[in-house]
Every structure is written in C-alpha cells, then in structure tokens.
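For reference, the structure discussed in these notes is given below.
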Amino acid sequence: MIRILGGTTSSPCVLAWAVGWVSLMGLACSSASHSTMATTGDEWALSDEAHEVNPAQSEIPGFDSISPGLQPVKNGVHYQITVAAARQAGLQHLGDRLGQAVFQVDFDETTLDFSKGWPPTGPNAFYRPSHHFDRWENASHASAFEAGNRYLAGRIDAFRGHLQRKDCDRAIAVVGQILHARQDFFSHSNFVDLSADDQRTLLSELGIGGATSSSQLKLCAYFRSASPPGAPPGDEFTHDAFSKDNSSKNTHARERLPRGATRFEQAREIAIENSVATLNELRQIPGAQVCFSRSQE
C-alpha cells in the first residue's frame, strides 16, 4: 500500500495519482488501512541488489490482491494504456478492473512523505526495481533488464498457479503486475530510440526470463539512496531526465522523433500494442478463459 509519513490519517483529502508513473497530482485521502508510520532504518535495510537476488513476493502482504475500493485516477497513463489494450483485445468488460490491478503495483510500493517537501513521493520498503524495469545502484543496463525479465517469468508462473486453483481474483491481480512491468519497460528505457532490429530483438526477449543480447539498451536509473531517487548524481540516464512516464515528464519525453510523434506518444502506443499482445497470450493459458469471461466483471 502507499505509506504515509510525516502526517496524520484523520484529515480528509483526495489522491489524484497519474497512475503507475509515480507522478503526484493531488493529495491523498487516508483510510483506516493506510495508517501513519514512522521512518525506520528497516525500510532501507536491504539494498536494491539484495532485493533482486531474492525478490521474495511474500515480503509484500497481499501482493497478489487488489485493495477493496481502490480507485485510480482515470486519466492516469497506466490506466489509459490498460483500458485501451483491454478494449482492443475484446476484454473491455475487464478494462477498469485491469486498470486497478496495474495501478496497485505503484500503490503498494510508493511512500507519501509529507515531511520532505513537494512532491512527497518515493519508494517504500516494498519497492523492487524489477517490478518497473528500473536500474538500481551499481547495476548494469543488462542486469537490470535480466532482473525485470526474471520477475515477468515468475509472474507468469504465479498466474498459472492461480488459474489451477481457480482463484481469478489473484490471477487478475497478477495480470496487472505483468502489464505494469511491460508498460514501464517502454517508458523507462531507450527502446523508442533503438533501431528496428534492436527493437525486434528486445521484443522477442521480453518476458522469457533471460538476459538481452542488445548492447544498445539503456534502462533509467532510480536509486533508493539518492535524493531524489529519480535523479542520482553523475548518472547518464536517469529516470527524471529520460523516462517517458507522461507527456510533460521532461524535455526528452516531449521531443519529437523523425516519425512525428513525441517519445512519450511513441512509448505509449508501443505499450498499448504490447499489452494487447500480452493479454492475447495470457488468455490462451488453460483456465484463463474463465477468469477473463464477463462473469468476472
């Protein structure tokens, strides 16, 4: 869940969150389940490298579930990508539910800390770079890709397990996690600037659990130890300067490619296409048709 630090949970307010792109547009409404907690050393006890060596999902309570009543902002980029993909895949009846599942990842792994200025956002103890194809401190671009790829492969296994148990709620939650990571890959990398051959190579490698053969791939740096995490000093490809999370994220995202679209627009369109392909692949797994049926609305 989103952790709220340096404030109380009793004051009424509203969270307007640009879904999945860690961009705060308003303030948060706190429910009883989002209790105030103090910052402790334990929150930062494990390095990002340690998390990726053993990224145990059991450390995140209810990781394969969607918080009851969770309402993502409908103009959030992740949400819009997911709803558009669900519609194109013929799953429009699940668009909102899948959009919530995609939002849940950032909701679980983001801290609101009102004691550190504006915007009061950052990764909490449940954040994992692999869930977002982020590059952590001392990681290479290739190792960060491999970590994200291992995570995706593990989520496919989890999806199959939930289908076997006929647990559609958790299966849909895992679909959201898979879509979130894949969508982040196109935003948090230089994919749109690569050659057509490199793009085809990366698409063939994405999600199968291994490393990449592309020497040109770059993934954005997002270091939990940096302040802010998205702009670690001295790094050549930071999240704040080079991610394409929304249309006004940075100059890089707003620049137009030779085809005429901005980098953000191109990354968004590729993310929609890839999300459609992913949904079509997932629905072919035995048991998925039941969970993707209209009875799951």
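The values are calculated or read from the model by the stated rules, or taken from the named source; none is laboratory data. Just so it is clear, the structure is predicted and the values come from calculations on it, not from any experiment. Here Cβ is always computed from backbone atoms with ideal geometry, including for glycine, and neighbour counts include all displayed protein chains. SASA here: full protein model, heavy atoms, side chains in, ligands and nucleic acids out. Shrake-Rupley method; radii C 1.70, N 1.55, O 1.52, S 1.80 Å.
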statement: Heavy-atom accessible area per residue of the stretch 144-297, all protein chains kept, 1.4 Å probe, expressed in Å², is 43 Å²
- prompt: Could you give the radius of gyration (one decimal) and Dmax (whole number) of the Cα atoms in the stretch 100-198, in Å?
  reply: 15.4, 47
More than 13 Å apart - percent of Cα-Cα pairs taken over the stretch 217-265: 56 percent
Length gained when the stretch Ala196-Ala277 is fully extended (0.36 nm per residue, less Cα-Cα span): 27.3 nm
task: Taking H placed 1.01 Å from N in the peptide plane, check which residues at least 5 places from Gly76 or on another chain put their amide H under 5 Å from its amide H.
output: Val19
- request: Determine the principal axes of the Cα atoms in the stretch 154-297, then give the extent along each, sorted from largest to smallest and rounded to whole angstroms.
  value: 48, 37, 31
Cleavage-rule hits (trypsin sites (Lys or Arg not before Pro)) in the stretch 146-239: DSSP loop, at most 14 neighbouring Cβ within 10 angstrom: Arg165, Lys166
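About the Cα centre, and with charges only on the beta carbon of Lys, Arg (+1) and Asp, Glu (-1), how big is the dipole of the stretch 202-297? Nearest 20 debye, please.
On the way: 11 positive and 11 negative charges, 34 e Å.
Charge dipole of the stretch 202-297: 160 debye, to the nearest 20.
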- prompt: Tell me, what is the FRET efficiency for Gln284 and Ser215 to the nearest 0.05, using R0 = 25 angstrom and their Cβ-Cβ distance as r?
  reply: 0.15
